[in-house]
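All remarks here apply to the structure that follows.
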Amino acid sequence: MELNPALIGAIVLLGFAVGLMSAMFGVGGGVIMVPFMVLVLEQGQHVAEGTSLLVVVPTAIAGVIAHHKRGYVSFRTATPIALAGIFGAFAGAILALEMDPESLKTAFGIFTILTALRILWDGLKTRRAEQGPAT
């Protein structure tokens, strides 16, 4: 794939969107980055996932700094999750690398859809609870 000004602009815009979304919603950006890299940049699923993990580091650090300045970071909660997450990341990478790219792509799609459905369901349930009982 040849980088041209339009593609470079799209990549920069994606980077901005990932940083914005990760800091606003606490997502690592993989939900945005991985499909972008697979569909637009024509990268393989394995490369997209590995690259997404690398990009998460600086965006997460920037988001943590901004949230910490306002007192919205719990290091007590984060420490055990992060330590367990390190081992989970190694295990997940090993599993992902054992899968063929198409199966991994399908699994990623299913995970994304199920996550979206769960978030939508929780949002609707909360909205109904806030509106109170129907009369």
Flagged in segment 28-72 as over 30 Å from Glu102 (Cα atoms) and either open to solvent by 40 Å² or more (accessible area, probe 1.4 Å) or touching a Phe, Trp or Tyr at 6+ places or on another chain (Cβ under 8 Å) (or both), in numbering order, are Ile61, Ala62, Val64, Ile65, Ala66, His67, His68, Lys69, Arg70, Gly71, Tyr72
Does segment 110-125 contain any residue that is under 30 Å from Gly44 (Cβ atoms) and either touching a His at 6+ places or on another chain (Cβ under 6 Å) or touching a residue at least 60 places away in the same chain (Cβ under 8 Å) (or both)?
-> yes
Run Ala129 past the list (1) within 19 Å of the chain's Cα centre (by Cα); (2) hydrophobic (A, V, I, L, M, F, W, C); (3) part of a helix (DSSP H, G or I) and report the number of the one that doesn't hold.
-> (1)
Return a yes/no flag: does segment 60-70 have any residue that is under 11 Å from the mean Cα position of the chain (by Cα) and at pLDDT below 90.
-> yes
Restricted to segment 1-50, and to residues that are assigned to a helix (DSSP H, G or I) and polar (S, T, N, Q), which residue is modelled with the highest pLDDT?
-> Gln45
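Could you check segment 83-135 and list, in sequence order, the residues that are among the charged types (D, E, K, R) and open to solvent by 100 Å² or more (accessible area, probe 1.4 Å)?
Of the residues in segment 83-135, the ones among the charged types (D, E, K, R) are 98, 100, 102, 105, 118, 122, 125, 127-128, 130.
Correct list: Glu98, Glu102, Arg118, Lys125, Arg127, Arg128, Glu130.
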If we scan segment 59-74, do we find a residue that is touching a residue at least 60 places away in the same chain (Cβ under 8 Å) and not small (Gly, Ala, Ser)?
-> no
Do we find a residue being closer than 25 Å to Leu114 by Cβ and in a loop (DSSP other than H, G, I, E, B) anywhere in segment 62-82?
-> no
How many residues does segment 10-27 hold that are over 17 Å from Val56 (Cβ atoms) and open to solvent by 40 Å² or more (accessible area, probe 1.4 Å)?
-> 2
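The values are calculated or read from the model by the stated rules, or taken from the named source; none is laboratory data. Since we're looking at a predicted model, the values are computed, not measured. Cβ atoms come from the backbone with ideal geometry, glycine included; neighbour counts cover every protein chain shown. We work out accessible area using only protein heavy atoms, side chains counted, and drop any ligands, DNA or RNA first. Shrake-Rupley method; radii C 1.70, N 1.55, O 1.52, S 1.80 Å.
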